[in-house]
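Notes follow the structure.
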Amino acid sequence: MSAGPSPDDSRSHGKWRRLGREPIAGLIAAVVAIPDGLAAAAMVGVNPVLGLYTGAISPAVGGALVSTQCLLISATSASAIAAAEALSAYPAGLRPQALAALVLLIGGFLVVLGLLRAGRLVRFVSHAVMTGFLLGVAAALVLDQLLQLLGYHPPPGNLVMQTVALFAHLDAIVPKAAAIGGLALAILLLLRPTRLDNWAPLIALLVPTVLIAWLGWSDVATVGRQGESGLPLPQIPHLGIVTAQLAGTALAIALVIAVQAAGVSQGAFNLDGSKPNVSRDMIAQGAANLVGSLFGAIPAGGSVGQTALNISLGARTRWAAIFSGLWMLIFVVLIPHLVAKVPMPVLAALMVVAGIGALNWREALSVWRVGGGARWAIVVTFAATLLTSIPNAVAVGVAMTVATFLLSSASDISLFALTRQSDGGVREDAPPARLPSHAITIVEVRGSLFFAGARTLGEKLPDPSQAIAPVAILRLRGYSPAGATFIEVLDRYADEIAQAGGVLYLSGVGPALADQLTRAGKLDLGGSVHIIGATPLLGASTQAAAAEALAWLTAHPAKT
């Protein structure tokens, strides 16, 4: 009698069965990515086929290196818009060279950021700033591609003014281009609420393509007129074309790609239970761009939509992304002539719908309802993205994040006077404006004690100047080492209490903070300042400080 399958055999069978899904998931992801890649490259202002090169190289190279195994690296709208802005300064004949150099720089910056473990810095990016930036990118995408869909060639200027100019020159709209683009737009919107949603881009690509061939509308621009198709031989980008502006744009795009991918990885998971590493994902995206630059591909990063689709198709490992790239490579080699017949207005329609889908008004409204600095952050970043360049918008976002942090640190200080009740409970009240004479005042400190926060603490502490022999106890439990500003504030407050003939106790002080206060050498430790170390028992150090303070008051009776 044969024995049944062992647990190891069952686990192995389950593993191979899961891996069997990856080629199918990769195939569907590659087919769906064809219209997205073409549209993204068209938006950059280069041959749309370059978007397919991105779809072939980036998922395969990045998928082999990412820590977030279901993360799919492909062209993104934010990087495409920024690349289009940067390349607009170059003549059409030089744009492929400039694009290759740009993508090489983006890859280099991402690899360096990853090696420096800059992934941990992503947590400092304000959610309100990022929401305003992504909202502005989506709005810019819709406005820019709407003009392309209608065949309108606007005068130089920002997108808002170009859109206004459209309404003043409606006669400049190309009817056939608008009709084909409108048809693709209608297909995308009508199929969105149906089961064919994932296939809608491909259907919107095929139906107008067949229609213009049947109608013989040879005057509608197609992909084939933008340049050669088929995968080229690798070529090292020419860095002599790089300018300071192009390098700045590359850094800005690298930062945007890093932050977006970090957000995507937070919603993904790894089948083996390992945790995503943002810095390693930066290196993976950098490698994808470095290899892509050799083939003239457009910038790529962790894609929200493509990753969500990848997971929904049953992908659980990095092999789905790798297979997606391999399938796309097969498509590029075998069907370049079919891709060449795709109408350009259809690609614009695809990007318009992508932009509309990225307009997350619900999240923007949630941030707006928070009020305060969050409103300013989202409004300013949104306006900067829509009215200026992507690098400028990123710079504004960084400035807003820093400003928001500094303002919140300065204002996020709360003081509470603690009083023990007869039933053993502790009552919190607003601290007195002035320290009372010959009495113990216990004040708990909450909030940031760095820089402006420490200055704010100094302004809020009860004034000892008019008291006689006051005793103040500052409860500092939970604080790690603070900055020099905090120590200066403590030293000044201790001096004021000492001048009034009193004493200052610091309770709940952890070992690291106590060591820092001692090494600073500014406080009169053991004289006018006493440190009571924290204990595992909550409130014990403050009780000990109160007992010592009471003994000190007894030893220094009030003079009558």
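Please treat every number below as a calculation from the coordinates, not as lab data. Keep in mind that this is a model prediction, so the values were computed, not measured. Cβ placement follows ideal geometry from the backbone for every residue including glycine, while neighbour counts extend to all protein chains displayed.
Worth a mention:
- Answer label, with volume of the Cα convex hull per residue in Å³ calculated from the coordinates and candidates (1) 144; (2) 237; (3) 215: (2)
- Dipole magnitude of the range 365-444, debye to nearest 20 (Cβ charges: Lys/Arg +1, Asp/Glu -1, about Cα centre): 200 debye
- By the rule of a C-alpha distance below 13 Å, with chain neighbours fewer than 8 residues away ignored, the aspartates and glutamates paired with K460 are D412, E444.
- The chain: relative contact order in percent, alpha carbon pairs under 8 Å with at least 6 residues between: 22 percent
- Contact order, relative form, for the range 412-555: 21 percent (alpha carbon pairs under 8 Å, 6 or more residues apart, mean separation divided by residue count).
- Here the 3J(HN,Hα) profile of the range 240-245, calculated from phi with Karplus coefficients 6.51, -1.76 and 1.60 at θ = phi - 60°, is x, 8, 6, 10, 4, 5 Hz, Gly and Pro shown as x.
- With K and R counted +1 and D and E -1, the other residues having a Cβ less than 13 Å from that of A417 yield a net charge of +3.
- Among H127, A494, L196 the positive-end extreme of the charge dipole of the chain (Cβ point charges): L196
- Dipole magnitude (debye, nearest 20) for the chain, charges at Cβ of Lys, Arg, Asp, Glu: 760 debye
- Computed over the range 464-516: relative contact order in percent, which uses C-alpha pairs under 8 Å that are six or more apart: 57 percent
- Summarising the strand pairing of the range 412-555, around 35 percent of its internal DSSP beta bridges are antiparallel.
- Sequence of F133, F486 once ranked by neighbouring C-beta atoms within 10 Å, starting from the fewest: F486, F133
- Counted by neighbouring Cβ atoms within 10 Å, the residues L116, L211 run from fewest to most as L116, L211.
- Inter-label distance, nm, simple model (7 Å from Cα along the C-beta direction), T194/D412: 5.0 nm
- Diagonalising the gyration tensor over the Cα atoms of the range 388-463 and scaling each eigenvalue by 5 before taking the square root yields semi-axes of 39, 13, 7 Å, largest first.
- Cβ-Cβ FRET estimate between A213 and R446, R0 fixed at 56 Å, reported to 0.05: 0.20
- Computed [θ] at 222 nm, deg cm²/dmol, the chain (DSSP H ≥ 4; -39,500 (n - 2.57); rounded to nearest 500): -19500 deg cm²/dmol
- Interchain or long-range residues, amide H under 5 Å from T222's placed H: M344
- Efficiency of FRET between L538 and T518 - r from beta-carbon atoms, R0 30 angstrom, step 0.05: 0.80
- Antiparallel content of DSSP bridges confined to the chain, in %, to 5: 40 percent
- Evaluated at q = 0.12, 0.22 Å⁻¹, a Debye calculation over the C-alpha positions of the range 115-209 (equal weights, vacuum) places log10 I(q)/I(0) at -0.60, -1.07.
- Length added when fully stretched, A165-V426, from 0.36 nm per residue minus Cα-Cα: 87.3 nm
- Cα gyration tensor, the range 412-555 - rounded (a/c under 1.5), prolate or oblate: rounded
- Cβ-based net charge around S77, under 12 Å, with every Lys or Arg adding one and every Asp or Glu removing one: -2
- Taken about its Cα centre, the range 412-555 carries a charge dipole of about 140 debye when Lys and Arg each add +1 at the Cβ and Asp and Glu each add -1 at the Cβ.
- Pairwise FRET efficiency - A547 versus V402, Cβ, R0 = 45 Å, nearest 0.05: 0.50
- Going from the residue with the fewest nearby Cβ atoms within 10 Å to the one with the most, S437, S218 rank S218, S437.
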